[in-house]
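> Here you go, one structure.
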Amino acid sequence: MLLRNPLALTGAVAAALLVLIALFAPLIAPYDPTRPDFTAALHPPSWAHWLGTDDLGRDQLSRVLHGVRASLQIGLLAVALAFAVGVPLGLAAGYYGRLADSVVSRLTDTLLAFPFLVLAVGLATILGPSLLNATIAIGVSQIPAVIRITRAETLRLKHLDYVAAAVANGGGDRTVLFRHILPNSLSALTVQATVGIPGAIIGEALLSFLGLGVQPPSPSLGVMLSSAQAYIAAAPWMAVFPGVAIVAATLAFNLLGDGLRDILDPRGDSR
């Protein structure tokens, strides 16, 4: 259980806190994250602005809160897209084999020939800079990993006795796949989802940093880091706090994923 793994429990609590921040960012942000106040430009952290202000006088705390919201939105939607496409393809490749497996495997190998971030940047460049296109680019880049996990689980499960019994009792392919194989693959897929979200968060930050994701003045952790480049010496808080938010988000979901893997994988070592 998570309670027996302090790091996993910490990750679960931190991930839940980040989700709450994302949901209620408009309510808890003390200022409008897009409204400039030139009289307060580049103010250091203070009681009025806990994380300081940026070059346009916008409150950094408000922008970080909304940036976390954008990062989690893209992360969750990108992973959902990857699963919506990758799970059916992985099931088909693992269950039917032969032509289906050959076609899906070649597609997967082609996508895996490109590193995740390189593929995401390339797709975002082709599609154009926007929140939606960044989500699609990151989601497509994560499809190969989902296909491989689903295919491997399907190959392992389809030879087990309960699947053979379902086939002997007249169960069709749909019944076998969606009532027997897919439910028993959920543990591995859940772990993959928690691992995919940090990658998507980093991907969103990179794309926004390069101008291919969230577009200014909308707040994004990547946009904030890009704006901070010119002020890294005069106003280091502009880069520090968005960077800490990215590290905290990715670390939280990675710790949660490691804990879930230990709990849900019966073949893993007990800790």
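> Just checking, does segment 75-87 include any residue being farther than 25 Å from LEU206 by Cα and buried (at least 17 other Cβ atoms within 10 Å of the Cβ)?
Within segment 75-87 (the criterion being farther than 25 Å from LEU206 by Cα and buried (at least 17 other Cβ atoms within 10 Å of the Cβ)), the answer is yes, since at least one residue qualifies.
> If the requirement is being under 18 Å from VAL140 (Cα atoms) and at pLDDT 90 or above, which of these qualifies: LEU65, LEU61, LEU72?
Within the list LEU65, LEU61, LEU72, the selection yields LEU72.
> Identify the single condition in (1) over 30 Å from VAL176 (Cβ atoms); (2) touching a Gly at 6+ places or on another chain (Cβ under 7 Å) that ALA78 does not satisfy, given that it satisfies every other one.
(1)
> Considering every residue within segment 92-103, establish whether at least one is open to solvent by less than 50 Å² (accessible area, probe 1.4 Å), modelled with pLDDT under 90, of a type in the set (Gly, Ala, Ser) and out of contact with any Pro (no Cβ under 6 Å at 6 or more places or on another chain).
Yes; the residues of segment 92-103 include at least one that is open to solvent by less than 50 Å² (accessible area, probe 1.4 Å), modelled with pLDDT under 90, of a type in the set (Gly, Ala, Ser) and out of contact with any Pro (no Cβ under 6 Å at 6 or more places or on another chain).
> Okay, next question. So the check is Cβ under 6 Å with 6+ separation or different chains; which pairs have a first residue in segment 198-217 that's modelled with pLDDT under 90 and a second one that's of a type in the set (Ser, Thr, Tyr)?
Listed by first residue and then by second, the contacts come to VAL214/SER208; VAL214/SER220; PRO217/THR34.
> Looking at (1) out of contact with any Pro (no Cβ under 6 Å at 6 or more places or on another chain); (2) among the small types (Gly, Ala, Ser); (3) in a loop (DSSP other than H, G, I, E, B), find the lone condition where GLY75 falls short.
Against the list (1) out of contact with any Pro (no Cβ under 6 Å at 6 or more places or on another chain); (2) among the small types (Gly, Ala, Ser); (3) in a loop (DSSP other than H, G, I, E, B), GLY75 comes up short only on (3).
> Follow-up. Among the candidates LEU186, LEU177, LEU117, LEU132, single out the residue that is within 19 Å of ALA93 (Cβ to Cβ), open to solvent by 60 Å² or more (accessible area, probe 1.4 Å) and assigned to a helix (DSSP H, G or I).
Sole residue among the options that is within 19 Å of ALA93 (Cβ to Cβ), open to solvent by 60 Å² or more (accessible area, probe 1.4 Å) and assigned to a helix (DSSP H, G or I): LEU186.
> If you take the residues of segment 125-144 that are touching a Ser or Thr at 6+ places or on another chain (Cβ under 9 Å) and at pLDDT 90 or above, which of them is farthest from LEU212 (Cα to Cα)?
PRO144
> I'm trying to understand the selection: among the residues of segment 104-114, which are assigned to a helix (DSSP H, G or I), open to solvent by 50 Å² or more (accessible area, probe 1.4 Å) and either closer than 30 Å to ARG69 by Cβ or charged (D, E, K, R) (or both)?
Correct list: ARG106, ASP109.
> Name the residue, out of THR39, THR34, that is open to solvent by 20 Å² or more (accessible area, probe 1.4 Å), in contact (Cβ under 8 Å) with a residue 24 or more places away in the chain, of a type in the set (Ser, Thr, Tyr) and over 17 Å from GLY243 (Cα atoms).
Every option except THR34 fails the conditions.
> Taking the stated definitions as given, is VAL146 surrounded by fewer than 20 Cβ atoms within 10 Å (Cβ to Cβ), assigned to a helix (DSSP H, G or I) and not basic (Lys, Arg)?
Spelling it out, it is not the case that VAL146 is surrounded by fewer than 20 Cβ atoms within 10 Å (Cβ to Cβ), assigned to a helix (DSSP H, G or I) and not basic (Lys, Arg).
> Oh, and also: Give the residue that is least open to solvent (accessible area, probe 1.4 Å), with candidates limited to residues of segment 208-250 that are assigned to a loop (DSSP other than H, G, I, E, B) and of a type in the set (Val, Ile, Thr).
Top of the filtered list is VAL214.
> I would also like to ask the following. For a quick check of your reading of the model, give me the residue pairs whose first member lies in segment 168-197 and is closer than 15 Å to ALA78 by Cα, whose second is open to solvent by less than 50 Å² (accessible area, probe 1.4 Å) and polar (S, T, N, Q), with beta-carbon atoms closer than 7 Å and at least 6 apart or on different chains.
If the second residue must be open to solvent by less than 50 Å² (accessible area, probe 1.4 Å) and polar (S, T, N, Q), the pairs left are LEU189/THR150; GLY196/GLN142.
The values are calculated or read from the model by the stated rules, or taken from the named source; none is laboratory data. Just so it is clear, the structure is predicted and the values come from calculations on it, not from any experiment. Here Cβ is always computed from backbone atoms with ideal geometry, including for glycine, and neighbour counts include all displayed protein chains. Surface areas here come from the heavy atoms of the whole protein model, side chains and all, with no ligands, DNA or RNA. Shrake-Rupley method; radii C 1.70, N 1.55, O 1.52, S 1.80 Å.
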